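A quick write-up on the structure given underneath.
The values are calculated or read from the model by the stated rules, or taken from the named source; none is laboratory data. Only a predicted model underlies this, so the values are computations on that prediction, with no experimental measurement involved. When we count neighbours, we look across all protein chains shown, and the Cβ atoms used for this are built from the backbone with ideal geometry, even at glycine. To get the accessible areas, we keep the full protein, side chains included, count just its heavy atoms, and leave off ligands, DNA and RNA. Shrake-Rupley method; radii C 1.70, N 1.55, O 1.52, S 1.80 Å.
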Amino acid sequence: MKLQQLRYIWEVARHKLNVSATAESLYTSQPGISKQIKLLEQELGVIIFARSGKHLTEVTEAGQRIIQVAGEILGKAQDIRSIAQEYLDNMVGALSLATTHTQARYALPPVVREFMDRYPAIKLHIQQGTPVQIADMASRGVVDMAIATEAMELFDNLVMLPCYQWNRAVLVPRGHELAEESDLTLSDLARFPIVTYVFGFTGRSQLDQAFEREGLKPQVALTAVDADVIKTYVRLGLGVGIVARMAYDPELDADLVALDASHLFGRSITKIGLRRDMFLRGFMYDFIQLFAPHLTRELVDEAMHLRDRRDVEALFAEIPLPFH
């Protein structure tokens with residue numbers, strides 16, 4: 001059994017059994033991957049991937065368990081490399097993170113700038129996706145950390161570190177009849193088409209739940225993953241926008257009016273998700289603390305050693321989170 005073979009089955013599963021796409025991503029040949037998978041199956045005496053002719057059709061029950069353990073082994077192998085690199089040169093390496101557009105566009109830029117000033121030799125990779133995609137990438141070790149508001153609780157091997165809290169704003173063009181509304185209600189909003197985030201993005205579930213509690217059915221006219229796209233369609237008069245408050249810039253968005261919606265939908269909390277068993281290099285701790293100053297190295301380590309999610313929540317229960 002070779003580490004390379006474990007990587008091949010792991011990547012094939014990640015690429016939805018597409019061996020060609022796997023070979024392209026690994027810069028190797030499709031026949032080479034297929035050969036190594038067959039050699040591994042012969043050595044183990046079990047079938048990992050069911051086949052129809054030359055095509056892989058599904059992962060067998062045994063294959064699912066083998067691939068899960070293979071992922072854990074690959075993660076540990078990466079930890080060994082990280083430990084060695086930390087002792088060789090703690091100023092050199094790579095940091096990969098996955099996040100949503102809102103975080104990447106509005107929350108991360110000053111953090112990234114400060115981090116790159118401190119660590120110019122660190123290669124920083126930022127991927128965007130849905131909260132589920134982001135959490136899944138962190139859970140599988142595809143990225144070092146995930147930054148999101150929702151979905152990370154779906155993955156048991158992630159430790160969620162609360163970073164900051166935020167509220168929503170309702171955006172309307174200047175001159176809109178809601179622009180001068182001082183006591184906005186959900187009933188007011190329900191009278192107009194709404195432009196907001198795709199379900200599963202940036203606290204969208206709280207928005208839906210708030211309307212449901214009031215027995216209201218909002219007219220969601222358009223959804224997007226990008227707050228800038230939402231603002232564009234509000235400007236076109238397609239509806240009333242509901243976005244994270246941080247996505248409103250008084251100067252760049254001077255043609256829009258931002259109405260406070262904190263009393264309508266409550267606060268949301270953005271968190272960093274880390275694999276519980278991962279090795280954190282020194283610059284990773286620094287990035288975390290730049291993003292959330294209260295997350296000291298000692299506090300992060302304490303959270304990482306807790307096995308029960310409720311214990312992690314209790315650890316942070318008395319720590320006041322800043323508003324973004």
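In segment 166-270, which chymotrypsin sites (Phe, Trp or Tyr not before Pro) fall in coil by DSSP and have 15 or fewer other Cβ atoms within 10 Å? Before the final figure, lay out each step's value.
Details: sites: W166, Y197, F199, F201, F211, Y233, Y248, F265; in loops: F199, F201, Y248.
Sparse-neighbourhood loop chymotrypsin sites (Phe, Trp or Tyr not before Pro): F199.
Among A62, A227, A169, which one shows the biggest mean-square fluctuation in a GNM of the chain, springs joining Cα atoms closer than 10 Å?
Of A62, A227, A169, the most mobile in the Gaussian network model is A62.
If you build a Gaussian network model of the chain, linking Cα atoms that sit under 10 Å apart, which residue out of M116, M152, M304 swings the most?
M116
Could you grab the relative contact order for segment 210-324? Cα pairs under 8 Å, six or more apart, rounded to a whole percent.
Details: 34 pairs, mean separation 17.1, N = 115.
After rounding, I find 15 percent.
Based on alpha-carbon positions alone, could you give the equivalent ellipsoid semi-axes of the chain from the gyration tensor, as √(5λ), descending, whole Å?
Working: eigenvalues 335, 123, 66 Å².
So the equivalent ellipsoid measures 41, 25, 18 Å along its semi-axes.
When the Cα centres of segment 11-34 and segment 134-176 are compared, how far apart do they sit, in Å?
Each part reduced to its Cα centre gives a spacing of 30 Å.
Which whole-number percent is the relative contact order of the chain (Cα, under 8 Å, 6+ apart)?
On the way: 502 pairs, mean separation 65.1, N = 324.
Computed over the chain, the figure is 20 percent.
So what is the accessible area of the chain per residue, in Å², with the probe set to 1.4 Å? Could you put the intermediate results ahead of the total?
On the way: 16370 Å² over 324 residues.
Per residue, the chain has 51 Å² of solvent-accessible surface.
Binning every alpha carbon pair distance of segment 5-87 at 10 Å from zero, what are the percents per bin?
Each 10 Å bin holds this share of Cα pairs: 18, 49, 25, 7, 1.
State the answer as a single residue: which of M284, L274, L3 lies farthest towards the positive end of the charge dipole of the chain, with beta carbon charges of +1 for Lys and Arg and -1 for Asp and Glu, about the Cα centre.
L3
For segment 193-324, what % of the accessible area comes from carbon and sulfur atoms, probe 1.4 Å?
The nonpolar share, carbon plus sulfur, comes to 52 percent.
For segment 1-134, which whole-number percentage of the solvent-accessible area (1.4 Å probe, protein heavy atoms only) is attributable to carbon and sulfur atoms? Could the numbers behind the result be given before it?
Numbers: 4150 of 7840 Å².
Of the solvent-accessible surface of segment 1-134, carbon and sulfur hold 53 percent.
Helix 204-213 sits at what angle to the longest principal axis of the chain, using alpha carbons and giving 0 to 90 degrees rounded to 10?
It is inclined by approximately 50 degrees.
Pairs of Cα atoms under 8 Å, at least six residues apart: use those to get the relative contact order of segment 1-116, whole percent. Walk me through the numbers on the way to the answer.
Working: 70 pairs, mean separation 25.0, N = 116.
Contact order relative to length: 22 percent.
Using the Cα centre of the chain as the reference point, and only Cβ charges (+1 on K/R, -1 on D/E), how large is the resulting charge dipole? Debye, rounded to the nearest 20.
Values: 34 positive and 41 negative charges, 260 e Å.
The calculation lands at about 1240 debye.
Using bins 5 angstrom wide from zero, how does P(r) for segment 1-159 break down, in % of all Cα pairs?
Spelled out bin by bin, segment 1-159 gives 1, 8, 14, 17, 17, 15, 13, 7, 4, 2, 0 percent.
Between the alpha-carbon centers of segment 233-275 and segment 183-197, tell me the distance in whole angstrom.
Segment 233-275 and segment 183-197 have Cα centres separated by 13 Å.
Compare H55, H294, H101 in a GNM of the chain, Cα atoms joined below 10 Å, and give the one with the largest fluctuation.
Among H55, H294, H101, the largest GNM mean-square fluctuation belongs to H55.
Given the DSSP H assignment, sum -39500 (n - 2.57) over each helix run of at least 4 residues in the chain and divide by its residue total; what's the result at 222 nm in deg cm²/dmol, nearest 500? All intermediate terms of the calculation are to be shown ahead of the outcome.
Numbers: 13 runs with 135 residues, N = 324.
Calculated at 222 nm, the ellipticity per residue is -12500 deg cm²/dmol.
Over what distance in Å are the Cα centres of segment 84-119 and segment 280-324 separated?
A separation of 17 Å, based on Cα centres.
When the C-alpha atoms of segment 221-324 are aligned to their principal axes, what extent does each axis show, in angstrom, from largest down?
51, 29, 23
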